[in-house]
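Structure first, commentary second.
The values are calculated or read from the model by the stated rules, or taken from the named source; none is laboratory data. The model shown is predicted, which means the values in this text are computed figures rather than measured ones. Virtual Cβ from ideal backbone geometry, glycine too; neighbours counted across all protein chains shown.
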Amino acid sequence: GDSVTQMEGPVTLSEEAFLTINCTYTATGYPSLFWYVQYPGEGLQLLLKATKADDKGSNKGFEATYRKETTSFHLEKGSVQVSDSAVYFCALKAPNNDMRFGAGTRLTVKP
Amino acid sequence: SQTIHQWPATLVQPVGSPLSLECTVEGTSNPNLYWYRQAAGRGLQLLFYSVGIGQISSEVPQNLSASRPQDRQFILSSKKLLLSDSGFYLCAWSVWGQGDGGYTFGSGTRLTVV
């Protein structure tokens, strides 16, 4: 079935470093792709999304591009801040509305 | 506006005691509703989902159950809690063809079974 695989982490970076969290997907159709963020002790929040090939989702300095040829949706940020410390989940939504989440990647940014 | 409420935020229960977690949605009709569990340091596990009143689908067999007595109310229950039921429980909703297409999550309930 449809699924996503993301790098497990944890990832530890210094402030202002470049961030990449890899996410690849397996799907029979053309799913929508999402990144969610979970701050400590909270629920998940939608960070960004892309609904078709070559779409770029962006929010709060984060970006991810829907790459059909590599079945990827890697999350990037040019300069991370301490406040970006959180768990990041890659997800896909199949045409039947089922959402499949990756295992999550914990990011810690040190000052 | 559309909001989702989940309570309680924190719960400590003894082994063998019952459980009832409630989730309500405002500002939308006929949502799909979901219960997820997140064990410490792990990803999300879908427990139940519901596409309508009284319609519950279980993803994982266990000693938990779910009910949807009203369109915008989703309840997670257990008759006797186990230590392994400890975790962070998240309720979520979505509506086919509306909004940003993603799921909207509640703030979660942290359950500790002692």
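Observations on the structure shown:
- If only residues of the range B:28-44 that are in contact with a strand residue (DSSP E or B) (Cβ under 6 Å, 6 or more places away or on another chain) and more than 16 Å from B:TYR89 (Cα to Cα) are counted, the one that is farthest from the other protein chains (Cβ to nearest Cβ) is B:PRO31.
- Filtered residue count, the range A:13-31, keeping only those that are surrounded by fewer than 22 Cβ atoms within 10 Å (Cβ to Cβ) and either among the small types (Gly, Ala, Ser) or in a loop (DSSP other than H, G, I, E, B) (or both): 10
- Among (1) surrounded by 13 or more Cβ atoms within 10 Å (Cβ to Cβ); (2) within 9 Å of another protein chain (Cβ to nearest Cβ), the one test that B:LEU47 misses: (2)
- Answer from B:LEU64, B:LEU11, B:LEU44 - the residue that is under 16 Å from B:GLY106 (Cα atoms) and at pLDDT 90 or above: B:LEU11
- Complete set of residues in the range A:84-108 that are more than 11 Å from chain B (Cβ to nearest Cβ) and acidic (Asp, Glu): A:ASP84
- Tally, over the range A:65-111, of residues that are part of a loop (DSSP other than H, G, I, E, B), under 30 Å from B:VAL51 (Cβ atoms) and among the hydroxyl-bearing types (Ser, Thr, Tyr): 2
- The range A:42-65, subset closer than 30 Å to B:THR109 by Cβ and among the polar types (S, T, N, Q), residue modelled with the lowest pLDDT: A:GLN45
Residue-by-condition table, conditions (1) in contact with a Cys (Cβ under 9 Å, 6 or more places away or on another chain); (2) within 14 Å of chain B (Cβ to nearest Cβ):
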site: A:GLY29; (1), (2): no, no
site: A:TYR39; (1), (2): no, yes
site: A:GLU42; (1), (2): no, yes
site: A:LEU47; (1), (2): no, yes
site: A:ALA50; (1), (2): no, yes
site: A:PHE73; (1), (2): yes, yes
site: A:VAL82; (1), (2): no, no
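- For the range A:38-55, a residue qualifies if it is over 22 Å from A:PRO95 (Cβ atoms) and surrounded by fewer than 21 Cβ atoms within 10 Å (Cβ to Cβ), and the qualifying residues are A:TYR39, A:PRO40, A:GLY41, A:GLU42, A:GLN45.
- Every condition in (1) within 14 Å of chain A (Cβ to nearest Cβ); (2) β-branched (Val, Ile, Thr); (3) touching a residue at least 40 places away in the same chain (Cβ under 8 Å) is met by B:ILE75 except one, and the failing one is (1).
- Within the range A:56-85, the set of residues being on the phi > 0 side of the Ramachandran plot and in contact with a Phe, Trp or Tyr (Cβ under 8 Å, 6 or more places away or on another chain) comprises A:THR71 only.
- Qualifying residue in the range B:17-28 (condition: closer than 25 Å to A:TYR88 by Cβ, surrounded by 13 or more Cβ atoms within 10 Å (Cβ to Cβ) and without any contact (Cβ under 8 Å) to a residue 60 or more places away in the chain): no
- Within the set B:CYS23, B:CYS91, the sole residue that is facing chain A (nearest Cβ under 9 Å), assigned to a strand (DSSP E or B) and out of contact with any Asp or Glu (no Cβ under 7 Å at 6 or more places or on another chain) turns out to be B:CYS91.
- Single unsatisfied condition, A:ASN96 versus (1) within 22 Å of B:TRP96 (Cα to Cα); (2) touching a residue at least 12 places away in the same chain (Cβ under 8 Å): (2)
- Test result for A:LYS56, within 14 Å of chain B (Cβ to nearest Cβ) and either touching a Cys at 6+ places or on another chain (Cβ under 6 Å) or farther than 22 Å from A:THR108 by Cβ (or both): no
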